[in-house]
Amino acid sequence: MKITANPWPWPWPWALGGLCLLLMACLILTAPAPWFHDFAEWLFQARMIGLKLTDPHSVAAYELASYPVPNSLAILLLAALTLFLPPLIAGKVYLLLQLTAWAWLLASYARRFAPPGSRGSVFLVSIAIVALSSFFWYGFISYQFGLWLLFLFLYQCNRPCPPWVTAAFGIALFLSHAMTALVWGLIVVGQAIDKARDCDTAFAASKDSRLVSGCLPLLPAVGLASWYLAARLFDNDHATTLDAGMSGLFEAMLYKAGYPLMLGSFRNILQANGAGVFEDWPVFYLVGAGANALLALLLACWAISVLWKALRRKKSPPDERGNPALAWAALALTTLYLIAPYGFLGLLNPAGRLLLPLIGIMLILAPASSFHWWRWAAWPAALGLILSLAGYGALVTTTTETDIGASVSFRPATGQLPDRSVFAFNQALYAGTRFPYFNYRVLVHGQRFGQLLAGDYSGLGFRTGPIVRYRAHSD
């Protein structure tokens, strides 16, 4: 299929993608607090880490990990900002820097890997499902930072890269998030195998030496990971219990099949009373849910066709798209997504963190003729993103500064929680809204903002970051 230079009369995807980022930045700046689900807890912990340097006595009850922790790098950067700025301002500045970094990288990614007529569509869709992904609304800053580093690594992976640079990426990715480090590791191993296979010699020793040298950049990250896993194994107080799990094989298969819908750009923002902002306008919810389904379907069709062609493609010249290491890494990620458990070491649905890296890899492998899928995908991505921003804007404008620090609970009474079923737990969690899916409790953990403003340094919500323990009666 021939791709025309400009399939649309004006570059609307570029303009709309940039406009949506600008609008998101304005909402963050004008909001009384940076309400993004877990972000309040991470900001609180970042402030505690900063106080460890400036006023350690006030936070003596908090214990830092004595071993490397994957969810660290973004928290430490946020902690550095709290040394110079008030906590809530530091949180907003961090989010704005994150959006700016994504805008630059995704624009560069689109220009390099997409044909001219599809670059704007790739940029817009990437902004909707990567920069402003569900993980952004969840406030998973460690994963988002690790994902950014991984996309930066992928951006240059077809170019010659010194082993020390590859190793540095591995260290940074491990300290950012374990799942992004896993993807990096699969790519490095694939590159080492491909390098050994291309060795123009019949001697097995030469091939083995190439394989070993190609895997050397893995050693620092593997060493850190081994240290972390050993420490977690012997740290009985660090165990995390998940609220729900899979009740059977059928539910697991249904969950795996439906989770890609979360890649869509529509997010139903919940108010403090548990109702969605579109509660009285269900047509907006239905349109947004339909946009998510259409977007997921289009990207799935594109990904399947790209992976099929990449695995069947013979060795390509250096100037053509052909990277066996990336193709096999994509296949490995697809397999891992299908078989990964619902919870691992306290991490909820680790497989879901593999889908966005998979898209980043596919963009490198995709032939120019396949990008018509992205031009069609730009429409539902734009529609869902606009609705999401409108919903968040409605929440921000109706929530006053007096609500900063309010404790908002979306959980039902403990006795009403189901034991294992993820779908039953989801239904109980969102009992306050008529809409069962695509819901985001951005106000949760809001009491942390109040604690930061009041200087009340107590409690610990998550123990998956650098702070691993809180002792209320510490001297």
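The table that follows gives values for the structure above.
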item	result
Residue-span extension gain [MET253 to TRP308] - 0.36 nm each, minus C-alpha spacing	17.6 nm
Extension gain from ALA60 to TRP164, taking 0.36 nm per residue of separation minus the Cα-Cα distance	33.7 nm
Two-decimal log10 I(q)/I(0) for the stretch 1-106, as the Debye equation yields it once each C-alpha is a single scatterer, q = 0.14, 0.16, 0.19 Å⁻¹	-0.67, -0.79, -1.00
Per-peptide average of other Cβ atoms within 10 Å, ordering 187-194, 136-143 highest first	136-143, 187-194
Overall form of the stretch 81-177 per C-alpha gyration tensor (a/c, 1.5; a/b vs b/c)	oblate
Estimated FRET transfer efficiency (SER407, ALA472; beta-carbon r; R0 25 Å; 0.05)	0.85
Percent of Cα pairs exceeding the 11 Å cut-off, where the set is the stretch 11-60	74 percent
Where PHE284, PHE145, PHE435 fall by accessible area, highest first, once all protein chains stay in place (1.4 Å)	PHE284, PHE145, PHE435
Accessible heavy-atom area order of HIS37, HIS57, highest first, probe of 1.4 Å	HIS57, HIS37
Tail fraction, Cα-Cα pairs, the stretch 91-139, threshold 18 Å, whole percent	31 percent
Probe 1.4 Å - accessible area at LEU249, Å² to nearest ten	130 Å²
Value in Å of the Kirkwood radius, where the stretch 118-168 supplies the Cα pairs that are averaged	12.5 Å
Span-like helix ranges in the chain, DSSP H, alpha carbon extent 27 angstrom or more, Kyte mean at least -0.5	87-113, 178-197, 282-312, 372-398
Measure of compaction for the stretch 249-297 (Cα Rg per 2.2 N^0.38 Å)	1.32
Furthest towards positive pole of dipole, LEU286, ILE269, LEU443, structure part the chain, Cβ charges	LEU286
(i) 77, 53, 45; (ii) 64, 60, 48; (iii) 68, 54, 47, with the label sought being that of the calculated Cα extents along the principal axes in Å	(iii)
Exposure of LEU299 as accessible area (Å², to 10), given a probe of 1.4 Å and all protein chains	20 Å²
D_trans [Stokes-Einstein, Kirkwood Rh over alpha-carbon pairs] for the stretch 67-120, 4 °C, 1.567 mPa s, µm² s⁻¹	98 µm²/s
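The values are calculated or read from the model by the stated rules, or taken from the named source; none is laboratory data. Keep in mind that this is a model prediction, so the values were computed, not measured. Here the Cβ is made from the backbone with ideal geometry for all residues, glycine too, and neighbour counts use every protein chain on show. Protein only, heavy atoms only, side chains kept; ligands, DNA and RNA dropped before computing areas. Shrake-Rupley method; radii C 1.70, N 1.55, O 1.52, S 1.80 Å.
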